[in-house]
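**Q** Questions regarding the structure given below will be posed in turn.
Read-outs throughout are calculated quantities, based only on the coordinates presented, and are distinct from any laboratory measurement. Since the model is a prediction, treat every value here as computed from it, not as a measurement. For neighbour counting, all protein chains shown are included, and Cβ atoms are generated from backbone atoms with ideal geometry for every residue, glycine included.
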Amino acid sequence: MKTVTLEVASADDVKRRALEAFKGKKQRARISFATPELLWRVLTAKRWELLKVMAGQEPLTMREVARRLNRDVKAVHGDAHALLDAGLLDKTEDGRIVFPFDAVRVDFTLRAA
């Protein structure tokens with residue numbers, strides 16, 4: 001199963017992992033956000049549903065994703081582009097979108113203020 005981890009990480013943590021990857025240390029698939037607020041701004045409830053529908057699927061057209069979600073194509077288009085910009089979705093050469101993972105793990109810690 002191919003899993004991506006969505007996490008809250010500092011720029012220093014991301015740089016450290018990138019340097020380790022260049023040295024050959026195997027890394028898990030991760031997408032990092034600077035704050036929990038940014039993660040939740042990108043990963044709205046509707047976008048989470050979109051990822052759930054696309055997980056483990058072949059590339060799909062926007063219209064097919066909208067049909068599976070029972071949502072308006074224009075609204076799905078906006079959400080898909082936000083996820084493309086965040087690196088969660090990829091676009092194929094023929095314009096289809098794909099979520100190249102079977103599962104999503106969300107990892108962050110809430111600390112006292």
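**Q** Please say if the stretch 3-107 is rounded, prolate or oblate, where rounded means a/c under 1.5 for a ≥ b ≥ c the square roots of the C-alpha gyration tensor eigenvalues, and otherwise the choice is prolate for a/b larger than b/c and oblate otherwise? Walk me through the numbers before you get to the answer.
**A** Values: a/c = 2.44, a/b = 1.73, b/c = 1.41.
The shape class here is prolate.
**Q** Also, quick follow-up: Using a Cα-Cα cut-off of under 20 Å, which aspartates and glutamates could be cross-linked to Lys74, ignoring same-chain neighbours fewer than 8 residues away?
**A** Qualifying aspartates and glutamates at Cα under 20 Å: Glu49, Glu64, Asp85, Asp90, Asp94.
**Q** To make sure I understand, if each residue's beta carbon is the centre and we count other beta carbons within 10 Å, what order do Asp79, Asp102, Asp94 fall in, fewest to most? Provide the component values of the computation, followed by the final result.
**A** Working: Asp79 22, Asp102 12, Asp94 7.
Least to most surrounded, the residues fall as Asp94, Asp102, Asp79.
**Q** Would you calculate a helix-derived [θ] at 222 nm for the chain, using -39,500 (n - 2.57) for each DSSP H run of n ≥ 4 and dividing by the full residue count, to the nearest 500?
**A** Roughly -13000 deg cm²/dmol at 222 nm, from the helical runs in the chain.
**Q** Separation between the Asp13 and Arg105 pseudo-spin-labels, each 7 Å from Cα along Cα→Cβ, expressed in nm?
**A** Between Asp13 and Arg105, the label points sit 1.3 nm apart.
**Q** Turning to a different aspect of this structure: Less than 14 Å apart at the alpha-carbon level, and either on another chain or at least 8 residues along: which aspartates and glutamates does that give for Lys91?
**A** The reachable aspartates and glutamates, counting only those whose Cα sits under 14 Å from Lys91, are Glu58, Asp79.
**Q** Among Val76, Leu60, Val4, flag the residue with its Cα farthest along the positive direction of the charge dipole of the chain, charges on Cβ as +1 for Lys/Arg and -1 for Asp/Glu.
**A** It is Val4.
**Q** Shifting gears a bit: Taking H as built 1.01 Å from N, whose amide H comes closer than 5 Å to the amide H of Leu6, not counting residues under 5 places away?
**A** Excluding prolines and chain starts, which carry no amide H, the hits are Ile31, Arg105, Val106, Asp107.
**Q** Considering Cα pairs under 8 angstrom that are at least six residues apart, work out the relative contact order of the stretch 3-107 and quote it in whole percent. List each step's numbers first, then the result.
**A** On the way: 127 pairs, mean separation 37.9, N = 105.
Relative contact order here is 36 percent.
**Q** Once the Cβ-Cβ distance between Leu38 and Thr61 is put in as r, and R0 is 41 Å, what FRET efficiency do you end up with, to the nearest 0.05? Please report the intermediate quantities before stating the final value.
**A** Working: r = 29 Å, r/R0 = 0.70.
In this case the efficiency is close to 0.90.
**Q** Have a look at the DSSP beta bridges in the chain and tell me what percent are antiparallel, nearest 5. List each step's numbers first, then the result.
**A** Working: 3 of 12 bridges.
Antiparallel bridges make up about 25 percent of those DSSP assigns within the chain.
**Q** Give me the net charge of Leu88's neighbourhood, meaning all other residues with Cβ under 11 Å from the Cβ of Leu88; Lys, Arg count +1, Asp, Glu -1. Spell out each step's value before the answer.
**A** Working: positive: Arg47; negative: Asp79, Asp85, Asp90.
Local charge sum for Leu88: -2.
**Q** Is there a quick way to get the dipole size of the chain? I mean about its Cα centre, with the Cβ of Lys and Arg at +1 and of Asp and Glu at -1; what is the value in debye to the nearest 20? If you can, show how the numbers build up before the last one.
**A** Working: 22 positive and 16 negative charges, 48 e Å.
Dipole size: approximately 240 debye.
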